[in-house]
1. Could you grab me the full set of residues in region 46-94 that are closer than 13 Å to Ala19 by Cα, hydrophobic (A, V, I, L, M, F, W, C) and under 12 Å from the mean Cα position of the chain (by Cα)?
2. Would you pick out the residues in region 42-51 that are over 16 Å from Val30 (Cα atoms) and assigned to a loop (DSSP other than H, G, I, E, B)?
3. Being closer than 15 Å to Thr31 by Cβ and of a type in the set (A, V, I, L, M, F, W, C) is the filter here; which residues of region 54-72 pass it?
4. On the given criteria, is Ala46 at pLDDT 90 or above, surrounded by fewer than 19 Cβ atoms within 10 Å (Cβ to Cβ) and not charged (D, E, K, R)?
5. Please work out which residue is farthest from Arg93 (Cα to Cα), limiting yourself to region 31-43 and to residues that are surrounded by 14 or more Cβ atoms within 10 Å (Cβ to Cβ), more than 14 Å from the chain's Cα centre (by Cα) and not small (Gly, Ala, Ser).
Amino acid sequence: MSDRDENHTYEGKRRLAVALEYGGQGAPRVTAKGAGPLAERIIELAAAHEVPLDTDADLVAVLSQLDLEQEIPESLYRVVAEVIAFAYLVKGRVPEGWHDDGGPAPDGPDRED
């Protein structure tokens, strides 16, 4: 599983963009970031590849301070999980090992025998 989620600021301000990747192991990590024309290009590429976009200016401001390839800090897990959940919802997908009721699949690690 590999998803990218882009975030950008409001119109009229200098535009920022941050791309995150989450492969199901560890924490999501920053895979691209930029301001101005570079941010526009990141957003264009995301749109061209049908990557869902989230527009949380505060979150992108914090994420843009991280280094490329850096995992997000634990303090951002919940808010970034919401962004990833949004991306799954928009794409009509669920994480591997999950089923329709929102829980782990019956053969998953939380199975009760």
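1. The answer is Ala46, Val51, Leu53, Leu59, Val60, Leu63, Ile72, Val80, Val83, Ile84, Ala87.
2. If the condition is that a residue be over 16 Å from Val30 (Cα atoms) and assigned to a loop (DSSP other than H, G, I, E, B), then His49, Glu50 are the ones that fit.
3. Val60, Leu63, Leu66, Leu68, Ile72
4. Considered against the rule, which asks whether it is at pLDDT 90 or above, surrounded by fewer than 19 Cβ atoms within 10 Å (Cβ to Cβ) and not charged (D, E, K, R), Ala46 comes out as no.
5. Of everything passing the filter in region 31-43, Leu38 is farthest from Arg93 (Cα to Cα).
The values are calculated or read from the model by the stated rules, or taken from the named source; none is laboratory data. Quantities reported herein were computed from a predicted structural model and do not represent experimental measurements. Neighbour counts are summed over all protein chains in view; Cβ atoms, including those assigned to glycine, are modelled from backbone coordinates with ideal geometry.
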